[in-house]
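A quick write-up on the structure given underneath.
Each reported figure results from applying straightforward, stated rules to the coordinates on display, with no laboratory input. Quick caveat: nothing in here was measured; it's all calculated off a predicted structure. We place every Cβ from the backbone using ideal geometry, glycine too, and count neighbours over all the protein chains shown.
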Amino acid sequence: MSQDKLDFLDRSRAFWNPGKTQDWQDMGIDLVIDRREGYYLYDMDGQRLIDLHLNGGTYNLGHRNAELVETLKAASARFDMGNHHFPALARTALAEALAACAPTPGMVYTAYGSGGGEAIDIAIKTARHAMQKRKIVSIVKAYHGHTGLALKTGDDRFSKLFLSEDTVGEFIQVPFNDLNAMEDALKGRDVAAVIMETIPATYGFPMPQEGYLPSVKSLCEKYQALYIADEVQTGLMRCGEIWACTKYGIEPDIMVTGKGIGGGLYPIACTLFTERCGGWLKEDGFGHISTGGGAELGCIVAMKTLEIVQRPEVRTLVRFISDYMREGLEKIMQQYPDFFIGIRQHGVVMGLEFNHQQGAKPVMKHLYHNGVWAIFSTLDASVLQFKPGLLMTQADCEEVLRRVEIGIGLARDEVMGSYRRSA
Ligand SMILES: Cc1ncc(COP(=O)(O)O)c(C=O)c1O
C-alpha cells in the first residue's frame, strides 16, 4: 500500500469514521475509490476494479454515464435544487413520468425524499394516515434504510445501537416466505401496512417462493392493510421489468424507488402512491417537508434514467447479461461444488451462496485482489451480492467470469485450508 494511502487512511480514521475505516482494513479490503468510469473503479493506488456492487443499483447505468452527465450539465445551466415549497416543472414532470410507468393503475402521486430511507419513512407515514392505524409489518432481516421509521422495520443490530428499537410493539417482524406468520401478524386487523423488499437484498436475495408475494398481498386485502413495495434495489429493470413487483403480479398501494433513480449523480428517492393513500396531500400538503427531497436537478436526471432503462435494447441487454452470467457461474459452481453451492437470481439481481456462514467474505477479498469489487450480504455473510450493470458488454461479462473463477478458487482454498487446520 502506498504511503499516500496509509496517510489518508489515518486521516479517515481521525476525521470520518474510525470503525468503518478499520473494518475494511481488517477484512483485507484497502479500497479508496478515486477515478470512476463506466463499470470501472480505480483505487487511489491505481488498481482497476470492475464494479459488481454498484451500491445496490445506484450505478445500474455505470459510473458517470455520459448521457446522464450531459443531462445534469445542461440542466445546471438553468436550474438548481429549487424551492421545495413550490410547484416546480421538473418535480411534476418526474411525478407524471413515474405515474405513467407505475406498477398499479391509479398510482398517481409521488412524494420525494433525498434518499431511500426518507422515502420509506414517507411510505410508512402515508400508510398510517390512510389507514389510521400505526402497526407496520416487515420481514426478519429486512433492510429499508436507517432513518427514523425505516430503521424500525430492520435488523435490531442497527436500531439498538441508537436506542431506537421498537419498544411498544408497533413494528412487527415475520420470517420471509412464511405465510402463517404473516397471517398471524395481520389477523388482528390493526396493521396499517406490510412493507416488503420484493427480493430482500441485504439478506442476500433469498427468492420469494412461488405464490408468496401474491398471497401476502391477498392477506393485506383480507385484513385491511396496505402493501408497500420497496423497489429501491430491485426496480429500474434489474429484474427485466421496470418494477420487480410486477413480475410477481403485485400491484402495491405504495411503492418506493431510490438509489439508481438518481443515476449515481444526484441523490433522489420517490414514494409513489394511489389516490386512496394520498389523503394527507390534501389535508396538509406540508405534511412531509424535505429541502433536498425532489431537488429539481435530481428530478431531471431521474427522468433521463427512467427513459434509458425503459429502452427496448436495455431490456434485451439485461436478459443477455443475466443468461450469460448464469451460464458462466454454473460452470464455476461445478468446479467448486463443496464451496460454491448456489445461485440466487432474478435477472441481474444475483446472490452467490457459499457453504460457510461467512463464506462470502473471503470471496469478496479474493475477488478484490483479482480486480472485481462485489460485496458480501450484511445480514447473511454466506451470500455474495453479485450485481452486474444493465449496460455491461459481453467482454465485461467474460472478464468478470474469468476473474471470479480465480477469486472463488482462492477463497475456497483459504476456507477449506482453515477447516483442515482446525480439524
Ligand atoms: C431495499 C432498500 N431499501 C431502502 C434502502 C435505503 O436507501 P438509502 O441508503 O438511500 O437511505 C436501501 C439501502 O441500501 C435498500 O437496500
Excluding residues on the same chain fewer than 8 positions from Lys160, give the aspartates and glutamates whose Cα lies under 18 Å from its Cα.
-> Glu170
Based on the alpha-carbon gyration tensor of the stretch 265-372, what equivalent-ellipsoid semi-axes (square roots of 5 times the eigenvalues) come out, in whole Å, largest first?
-> 40, 19, 15
Would you mind ranking Thr378, Thr234, Thr246, Thr92 by Cβ crowding within 10 Å, fewest neighbours first?
-> Thr92, Thr378, Thr246, Thr234
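Kirkwood Rh over alpha-carbon pairs of the stretch 170-274, then Stokes-Einstein at 20 °C and 1.002 mPa s: what D in µm² s⁻¹, rounded to an integer?
My calculation gives 150 µm²/s for D.
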Yeah, the stretch 101-243 with a ≥ b ≥ c from its alpha-carbon gyration tensor (a/c under 1.5 is rounded, else prolate when a/b outruns b/c, oblate otherwise) is rounded
Hey, what do the phi angles of the stretch 74-87 turn into as Karplus ³J(HN,Hα) couplings, whole Hz, using 6.51/-1.76/1.60 and θ = phi - 60°, x for Gly and Pro?
-> 4, 5, 6, 6, 10, 10, 9, 5, x, 9, 5, 7, 10, x
Sorted by Cβ neighbour density within 10 Å, fewest at the top, the residues Asp155, Asp51, Asp413 = Asp413, Asp155, Asp51
Quick one: Karplus J couplings for the stretch 227-239, per residue in order, coefficients 6.51, -1.76, 1.60, θ = phi - 60°, nearest Hz, x for Gly and Pro?
-> 10, 9, 9, 8, 10, 4, 9, 8, x, 6, 5, 5, 9
Starting with the highest mean, order 302-308, 236-242 by the number of other Cβ atoms within 10 Å, averaged over the residues of each peptide.
-> 236-242, 302-308
Whole-number percent relative contact order across the stretch 171-237, with pairs defined as alpha carbons under 8 Å at least 6 apart = 41 percent
Convert each backbone phi in the stretch 179-191 into a coupling constant with the Karplus relation 6.51 cos²θ - 1.76 cosθ + 1.60 (shift: θ = phi - 60°), then list the ³J(HN,Hα) values in order as whole Hz, x for Gly and Pro.
-> 6, 5, 5, 5, 5, 4, 5, 9, 5, x, 6, 10, 9
Work out, in µm²/s and without decimals, the Stokes-Einstein translational diffusion coefficient of the chain at 20 °C, 1.002 mPa s, Rh from Kirkwood over C-alpha pairs.
-> 96 µm²/s
In the neighbourhood of Ala229 defined by beta carbon distances under 11 Å, the net charge of the other residues (Lys, Arg +1; Asp, Glu -1) is -4
Using amide H atoms built 1.01 Å from N in the peptide plane, name the residues 5+ places from Met350, or on other chains, whose amide H lies under 5 Å from its own.
-> Phe386
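With 10 angstrom as the radius, rank Leu52, Leu61 by how many other C-beta atoms surround their C-beta, starting from the fewest.
Exposure proxy ranking, most exposed first: Leu52, Leu61.
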Euclidean distance of C-alpha centroids, the stretch 57-73 and the stretch 300-329, integer Å = 14 Å
Sequence-distant residues sharing a close amide H with Arg35 (under 5 Å, placed H) | Tyr42
Over the chain, calculate the relative contact order: mean separation of alpha carbon pairs under 8 Å at least 6 apart, over the residue count, as a percent.
-> 20 percent
Tell me the chymotrypsin sites (Phe, Trp or Tyr not before Pro) within the stretch 250-300 that lie in a loop according to DSSP and have at most 11 other beta-carbon atoms within 10 Å.
-> Phe286
At what distance in angstrom do the alpha carbon centres of the stretch 369-423 and the stretch 332-355 lie from each other?
-> 10 Å
How many angstrom lie between the C-alpha centres of the stretch 176-192 and the stretch 110-156?
-> 17 Å
Rounded if a/c under 1.5, otherwise prolate or oblate - the stretch 15-155, Cα gyration tensor axes | oblate
Put +1 on the Cβ of each Lys and Arg and -1 on the Cβ of each Asp and Glu in the stretch 243-391; which of Leu384, Ile332, Val348 then has its Cα farthest toward the positive end of the dipole?
-> Ile332
Shape call for the stretch 161-223 from the C-alpha gyration tensor, a ≥ b ≥ c root eigenvalues: rounded (a/c under 1.5), prolate (a/b greater than b/c) or oblate?
-> oblate
What the Cα atoms of the stretch 327-422 span along the principal axes, largest first and in whole Å, is 44, 25, 23
Lys222: which lysines have alpha carbons under 18 Å from its alpha carbon, excluding same-chain residues fewer than 8 sequence positions away?
-> Lys133, Lys135, Lys187
Around Ala130: net Lys/Arg minus Asp/Glu count, Cβ-Cβ under 13 Å = +3
How many percent of the alpha carbon pairs in the stretch 1-92 exceed a separation of 23 Å?
-> 48 percent
List the aspartates and glutamates whose Cα lies under 15 Å from the Cα of Lys217, skipping any in the same chain that are fewer than 8 positions away.
-> Asp178, Glu183, Asp184, Glu197, Asp230, Glu251, Asp253
Distant-in-sequence amide H partners of Glu197 (H built 1.01 Å from N, under 5 Å) = Asp230
